[in-house]
Amino acid sequence: MGFNSGERHRRFTEPFRDETIQYVENLRKAGVPVDFELYKGYYHGFDIIQPNAEVSKKAISVFIDSFKYAVDHYFAEQTAKR
């Protein structure tokens with residue numbers, strides 16, 4: 001038993017799609033606030049391969065905004081060790 005080419009393409013377009021969706025659902029069930037966007041029809045790394053596409057610009061912006069939020073709210077101040 002193997003995959004037909006269409007099934008393989010669908011399954012391997014985003015290798016951790018199903019696991020990520022399950023993880024997000026589990027976090028939400030546990031009461032953890034989660035922002036999650038699924039870009040249906042786009043393959044893994046689309047934003048890197050086609051950075052000037054409008055959908056890529058949106059995805060990159062969401063990533064940068066999320067990272068800035070995490071830095072402002074979750075990173076502990078680091079002290080230098082001597």
Take the solvent-accessible surface of the protein heavy atoms, probe 1.4 Å, and return the percent of it on the chain that carbon and sulfur atoms account for.
56 percent
Which value in deg cm²/dmol, rounded to the nearest 500, describes the helix-derived mean residue ellipticity at 222 nm for the chain, given -39,500 (n - 2.57) per DSSP H run of n ≥ 4 and division by the residue count?
-17000 deg cm²/dmol
Taking segment 29-73, which trypsin sites (Lys or Arg not before Pro) meet the DSSP loop condition and have no more than 14 other C-beta atoms within 10 Å?
Lys40
The farthest towards the positive end of the charge dipole of segment 42-82, of the residues Ile64, Thr79, Gln50, given +1 on Cβ of Lys and Arg and -1 on Cβ of Asp and Glu, is Thr79
A correct Karplus calculation of ³J(HN,Hα) over segment 32-38, with 6.51 cos²θ - 1.76 cosθ + 1.60, θ = phi - 60°, whole Hz and x for Gly and Pro, returns 8, x, 9, 9, 9, 10, 10
So what is the orientation-averaged projected area of segment 21-67, using the convex hull of its C-alpha atoms, in nm²?
3.7 nm²
How big is the charge dipole of the chain about its Cα centre, in debye rounded to the nearest 20, if each Lys and Arg gets +1 on its Cβ and each Asp and Glu gets -1 on its Cβ?
180 debye
At 1.4 Å probe size, with every protein chain present, just tell me what the per residue accessible area of the chain comes to in Å².
93 Å²
What number in nm² do you get for segment 40-82 if you take the convex hull of its Cα atoms and divide its surface by four?
4.8 nm²
Spin-label pair Ile48/Tyr74, simplified geometry with 7 Å Cα→Cβ offset, distance in nm:
2.1 nm
Length gained when the stretch Asn26-Thr13 is fully extended (0.36 nm per residue, less Cα-Cα span)
2.4 nm
Where N is the number of residues in the chain, Cα Rg divided by 2.2 N^0.38 Å
1.47
Magnitude of the Cβ-charge dipole (Lys and Arg +1, Asp and Glu -1) of segment 36-82 about the Cα centre, nearest 20 debye, reported as 180 debye
The local net charge around Pro51, scoring Lys/Arg +1 and Asp/Glu -1 for residues other than Pro51 whose Cβ lies under 15 Å from its Cβ, equals 0
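The values are calculated or read from the model by the stated rules, or taken from the named source; none is laboratory data. Just so it is clear, the structure is predicted and the values come from calculations on it, not from any experiment. Here Cβ is always computed from backbone atoms with ideal geometry, including for glycine, and neighbour counts include all displayed protein chains. Surface areas here come from the heavy atoms of the whole protein model, side chains and all, with no ligands, DNA or RNA. Shrake-Rupley method; radii C 1.70, N 1.55, O 1.52, S 1.80 Å.
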